[in-house]
Structure formats: C-alpha cells, structure tokens
1. Out of all the residues in region A:52-66, is one or more within 16 Å of DNA strand C (Cβ to nearest atom) and of a type in the set (A, V, I, L, M, F, W, C)?
2. Test A:Ser89 against the stated conditions and say whether it is more than 28 Å from A:Val160 (Cα to Cα), among the hydroxyl-bearing types (Ser, Thr, Tyr) and away from DNA strand C (no atom under 16 Å from the Cβ).
3. Take the residues of region A:79-126 that are farther than 17 Å from A:His26 by Cβ and in a strand (DSSP E or B): which is farthest from the chain's Cα centre (by Cα)?
4. Among the residues in region A:57-67, are any in contact (Cβ under 8 Å) with a residue 12 or more places away in the chain, under 14 Å from the mean Cα position of the chain (by Cα) and part of a strand (DSSP E or B)?
5. In contact with a helix residue (DSSP H, G or I) (Cβ under 9 Å, 6 or more places away or on another chain) and modelled with pLDDT of 90 or more, is that true of A:Glu41?
6. So, of the residues in region A:128-146 that are farther than 17 Å from A:Phe7 by Cα and surrounded by fewer than 18 Cβ atoms within 10 Å (Cβ to Cβ), which turns out to be farthest from DNA strand B (Cβ to nearest atom)?
7. Here is a check on your reading of the model: is A:Met81 within 12 Å of DNA strand C (Cβ to nearest atom) and either within 21 Å of A:Asp173 (Cβ to Cβ) or touching a helix residue (DSSP H, G or I) at 6+ places or on another chain (Cβ under 7 Å) (or both)?
8. Of all residues being touching a residue at least 40 places away in the same chain (Cβ under 8 Å) and within 9 Å of DNA strand B (Cβ to nearest atom) in region A:97-124, which is farthest from A:Gly21 (Cα to Cα)? Just the residue, please.
Amino acid sequence: MKLDREFYERDTLIVANELLGKILVHNSPDGITKGIIVEVEAYCGHNDEACHSYKKNKRSGRTNVMYYCGGYAYVYLIYGMYSCFNVVSNAADIPEAVLIRAIEPLEGIELMKHRRNTDKMKNLCDGPGKLCKAMAIDKNCYGLDLCGDILYIEEGENIVPEDILPTKRINIDYAGAAKDYLWRFVIDRI
DNA sequence: CGGAAGATTTCT
DNA sequence: GAAATCTTCCGA
C-alpha cells in the first residue's frame, strides 16, 4: 500500500517519525530495489539553521522543490560526489523535508551490491550517499512525485514510539543552536 | 566570472 | 584524521 499525499502533508517531525519502518521503493530501468527506512533526519525550513532553505537563499534552483506540497523527492549532490535523498513534507510554501539516512535492503540486493561494488550487507545502505548509490537515486530523481510509480514509499511494519531513538543530527556543526536539536531518529532495535 | 563551501565516504 | 571532488550559490 503506497503512502498517499495526506501522509506527507503534515508536520515534518511527525512525518520523520512515521517514515521509520516504511519501505522505500525505486522502480529503475535496471530493476526494482526496496529497503526499510531505519534512520532519518528532519529539516525544518525557517526554524532550522541547518536547513538548505533557511538562509538568505530563500528559494534557489536546488531548494525549489522544498516549497512544493509534501510528497516530492528532494535530491541534491553533496561534496561533488554523493547524492542525498529527502522527502518533502508539510504544505506548499513551507520548505521542510526529511532526509533518509539509512535503509535495510529488502529487494534487489544483488543489484545494490553491484552498484555499490561490495558484498558486505552492513556497508550497503548505512549512509545517505550509500543508499542513494545502491538505489540509483541521483539528480535525475529530483522533483519526482512520490505518489507516482517510479519512486515511492509503501506501508511497512508499524514502529511503536518506544522503539524510536531521537538523537542529534550529524555533520551540521555550522548550524549554531540548531545542531543540538534531537531531530535525527533511528529505530532502536535490530 | 571566480571563489568558497558543503545534510559524505573512504582509506590510512 | 585527511583527502577526494564538483555542483551550487554568493559576491564583485
């Protein structure tokens, strides 16, 4: 069961929490890949110094999709070599999104290994850049509608709040006070 | 038009 | 702990 538009058009922190345990699906030309979302981070526009849409550059070519309504893919290139996949959340004109930081491979594992050029399961999708490479998510996926058939998220197992561990976000030391917000969520089991 | 920086990964 | 590496954004 594919998540619908209403799921995404809510408060970013709620969407971030509820995305845990859901299944990310990419129907690529090479084949289909699926994975359970196990780690996310929330980025809340004007309330969040770490968010790309926070600063002076209110809206730019890169962050434009964050101003859409929820349910779109925000993919950007970082450090010139790695893509990061975000799910745009909340209503239109509210530039917020959820970064998918890690997944647990479900389907198309051989394809992922081939793309990542490794055999180690643990090393396959445990990072934003890694899972994007494993699932072939790149700038071509920028702005895709997650309510479409190419890239989407479906219902997975239900995660109870007790299993969700909030922690500080990673690699945003430049973000001042915002760097201490507990806006990174991981599934505390496995 | 040039320069600087970055929501990372990998190897030493 | 440091390098790799390049698109995007800002200032001039």
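1. The answer is yes; a qualifying residue exists.
2. Details: more than 28 Å from A:Val160 (Cα to Cα): no; among the hydroxyl-bearing types (Ser, Thr, Tyr): yes; away from DNA strand C (no atom under 16 Å from the Cβ): yes.
No, not satisfied.
3. A:Glu96
4. Scanning region A:57-67 turns up no residue that is in contact (Cβ under 8 Å) with a residue 12 or more places away in the chain, under 14 Å from the mean Cα position of the chain (by Cα) and part of a strand (DSSP E or B).
5. Details: in contact with a helix residue (DSSP H, G or I) (Cβ under 9 Å, 6 or more places away or on another chain): yes; modelled with pLDDT of 90 or more: yes.
In short, yes.
6. My answer is A:Asn140.
7. Against the criterion (within 12 Å of DNA strand C (Cβ to nearest atom) and either within 21 Å of A:Asp173 (Cβ to Cβ) or touching a helix residue (DSSP H, G or I) at 6+ places or on another chain (Cβ under 7 Å) (or both)), A:Met81 qualifies.
8. Ranking the qualifying residues of region A:97-124, first place goes to A:Ala97.
The values are calculated or read from the model by the stated rules, or taken from the named source; none is laboratory data. Given the structure is predicted, the values throughout are model-derived calculations rather than measurements. Please note: Cβ atoms are built from the backbone with ideal geometry, for glycine as well, and neighbour counts cover all protein chains shown.
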